[in-house]
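One structure is given here, and the rest of the page talks about it.
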Amino acid sequence: MAFMVIKNVNVLTMNKEKDIIENGVVVLDDHIIHDIGNEELLDQYPCDHIIDGKNGMLIPGMINTHTHTSMVVFRSLGDDVPNRLKRYLFPLEKMLVDKGLVYLGAKYGILEMLLGGVTTFTDMYFYEDEVAKAAKELGIRGVLGETIMNFPSPDSEEPYGGLAYSKWFIEKWKDDDLIIPAVAPHALYTNDKEHLQMAAALSDKYHVPMMMHVAEMEYEYKQCIEEHHMTPVKYLDSIGVLSDRFLVAHGILVTEEDIDILEKRKVGIAHNVGANSKGAKGVAPITEMFHRGMKVGLGTDGPMSGNTLDIVTQMSLVGKVHKLFNHDRRLFPASEILEMATIGGARALNLDKDIGSIEVGKKADLVLVETSSVNMQPIYDYYSVLVYSANPSNVDTVIVDGKVLVKNKQLVQREVATSTTIDEVTNTPLAIMEQLKRVREKIEKAANKL
Ligand SMILES: [Zn+2]
């Protein structure tokens, strides 16, 4: 057996007891966490591949439960403009989004996520197959769904073309070890009852996640009340699409009764605190949801909405926004915020048996956060340092499925086994950034015409 050992680390396991092992050792056997303990394990598992954690913190890989990664190509465009979605995003996507742009945006966004310690991301966009290809090349885990909506999209001339694409996409990726295909109707205001039920049937048939923007926008809420005399959550429940495979993105405009419904149906929640605040959308009542034991994870939303893709940045915001909003500094101790960033996200995606904590038998998705930078000292409370002092650039090493993808804060260049056509050179961070700069001009020209 070929073991890999990580030593000299403080292990924040995020198991049920939230055990912390100081000066710990974690042993990986291929893609699985094989043993966890103290230094005596070093004698038990002699091996060549040893990572010295240099007294840093080893945490479970962080999970981004909601984003539209490829939108990173539009980042910083149309900020601070009211009605950005319909004024800029939808027209720009119609004009410019093609396979190449989605693929490039996905590679760039995944690079940013990996460098920031995200090991699993949840994505909904167009040409989702390109996102899957980029994820496979760079080695990140992805829960990916093609957007379904009632008007022609960049990759479908027909309304609801996303449904047929989803079926094809699920068939293609359902047995992959890193990609989990999903069904992703965009929202209530872009899907009718019949197609939402068809999407739910697809999720049911293939046992794949279903994700959707829910209770996010004022106009979505008003329209639903006017048309159906029900809140969005109540309406979705009345048409039978909510289940324990359903992931609500946002869930801001919910009533007490809605929370009861979401709890009863064991629905997962992607909380996008940064994007929600920047978009002035409101504060989702996750304090109540989390304390009821519901499945709450953190997300960034698309990089045009929240401008970041990492979860470290979100963690501090969760604490600050909810403490401020509720006038209660006791809310959300830092350990609970790291819980949402890791095992909480895994629960929301029903992946908590495999990922989300550092436990024997789980998949080796791990992040080593260094503690040698000035912003990381002193340390009295590991969780507090991670949530309030750390930034994404403190992420030193990232392991996904037992493979070291980031080392010494740099992307590790690796052989691409899935394709023989990919030029190794195009996957360096510098090359990806150069390609992004080249499309920037084209995008700016198009935006100026809007
Ligand atoms: Zn979104």
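The values are calculated or read from the model by the stated rules, or taken from the named source; none is laboratory data. Keep in mind that what you see is a predicted model, and the values were worked out from it rather than measured. Ideal geometry is used to build each Cβ from the backbone, glycine not excepted, and the neighbour counts take in all protein chains shown.
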Answer residue from the stretch 313-338, given it is surrounded by 24 or more Cβ atoms within 10 Å (Cβ to Cβ) and more than 16 Å from the ligand (Cβ to nearest atom) and is nearest to A284 (Cα to Cα) among those: V318
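Taking the conditions exactly as written (assigned to a strand (DSSP E or B), crowded, with 20+ Cβ neighbours inside 10 Å and aliphatic (A, V, I, L, M)), does V367 satisfy them or not? Even if it seems obvious, please write down each step before you answer.
On the way: assigned to a strand (DSSP E or B): yes; crowded, with 20+ Cβ neighbours inside 10 Å: yes; aliphatic (A, V, I, L, M): yes.
Yes: the conditions hold for V367.
Output the residue which, of all residues in the stretch 370-381 that are closer than 21 Å to V318 by Cβ and part of a loop (DSSP other than H, G, I, E, B), is nearest to the chain's Cα centre (by Cα).
Taking the stretch 370-381 first, the residues closer than 21 Å to V318 by Cβ are 375-376, 379-381.
Okay, now just the ones that are also part of a loop (DSSP other than H, G, I, E, B), so 379-381.
On the way: I379: 28, Y380: 29, D381: 26 Å.
That would be D381.
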Conditions first: (1) over 11 Å from A215 (Cα atoms); (2) crowded, with 18+ Cβ neighbours inside 10 Å. L253 passes all but one, so which condition is the exception? (1)
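Can you find a residue that is touching a residue at least 60 places away in the same chain (Cβ under 8 Å), under 26 Å from the mean Cα position of the chain (by Cα), under 21 Å from G344 (Cα atoms) and more than 15 Å from the ligand (Cβ to nearest atom) anywhere in the stretch 236-244?
Step one: list which residues in the stretch 236-244 are touching a residue at least 60 places away in the same chain (Cβ under 8 Å), which gives 244.
Checking which are under 26 Å from the mean Cα position of the chain (by Cα) leaves us with 244.
Those left that are additionally under 21 Å from G344 (Cα atoms): 244.
The next check asks that each one be more than 15 Å from the ligand (Cβ to nearest atom); those that pass are 244.
Yes, the stretch 236-244 contains at least one residue that is touching a residue at least 60 places away in the same chain (Cβ under 8 Å), under 26 Å from the mean Cα position of the chain (by Cα), under 21 Å from G344 (Cα atoms) and more than 15 Å from the ligand (Cβ to nearest atom).
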Among the residues that make up the stretch 96-118, is at least one of them modelled with pLDDT under 95, assigned by TED's automatic domain parsing to the domain that holds V72, within 16 Å of the ligand (Cβ to nearest atom) and in contact with a Gly (Cβ under 6 Å, 6 or more places away or on another chain)? no
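If you take the residues of the stretch 58-85 that are of a type in the set (S, T, Y) and under 30 Å from H31 (Cβ atoms), which of them is nearest to the ligand (Cβ to nearest atom)?
Within the stretch 58-85, the match that is nearest to the ligand (Cβ to nearest atom) is T67.
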Options V425, V387, V400: the member that is closer than 28 Å to L317 by Cα and either modelled with pLDDT under 90 or touching a helix residue (DSSP H, G or I) at 6+ places or on another chain (Cβ under 6 Å) (or both): V387
Where the second residue is among the polar types (S, T, N, Q) and the first is part of a helix (DSSP H, G or I) and lies in the stretch 327-356, which pairs have Cβ atoms under 7 Å and are six or more apart or on separate chains? A334/S384; T342/S357; I343/S357; G345/T65; A348/T65
What are the pairs with Cβ atoms under 9 angstrom where one residue, in the stretch 289-317, is under 16 Å from S393 (Cβ atoms) and among the small types (G, A, S) and the other, located anywhere, is modelled with pLDDT of 95 or more and outside any loop (DSSP other than H, G, I, E, B)? Sequence gap at least six, or different chains. S316/I337; S316/V387; S316/Y388; S316/S389
Answer from G306, G299, G293, G268 - the residue that is away from the ligand (no atom under 14 Å from the Cβ), in the same structural domain as L111 (by TED's automatic domain parsing), of a type outside the set (V, I, T) and crowded, with 24+ Cβ neighbours inside 10 Å: G268
Determine whether M210 is at pLDDT 95 or above, within 15 Å of the ligand (Cβ to nearest atom) and surrounded by 15 or more Cβ atoms within 10 Å (Cβ to Cβ). yes
Condition first: away from the ligand (no atom under 16 Å from the Cβ), surrounded by fewer than 21 Cβ atoms within 10 Å (Cβ to Cβ) and of a type in the set (V, I, T). Can you find one or more residues in the stretch 355-364 that meet it? yes
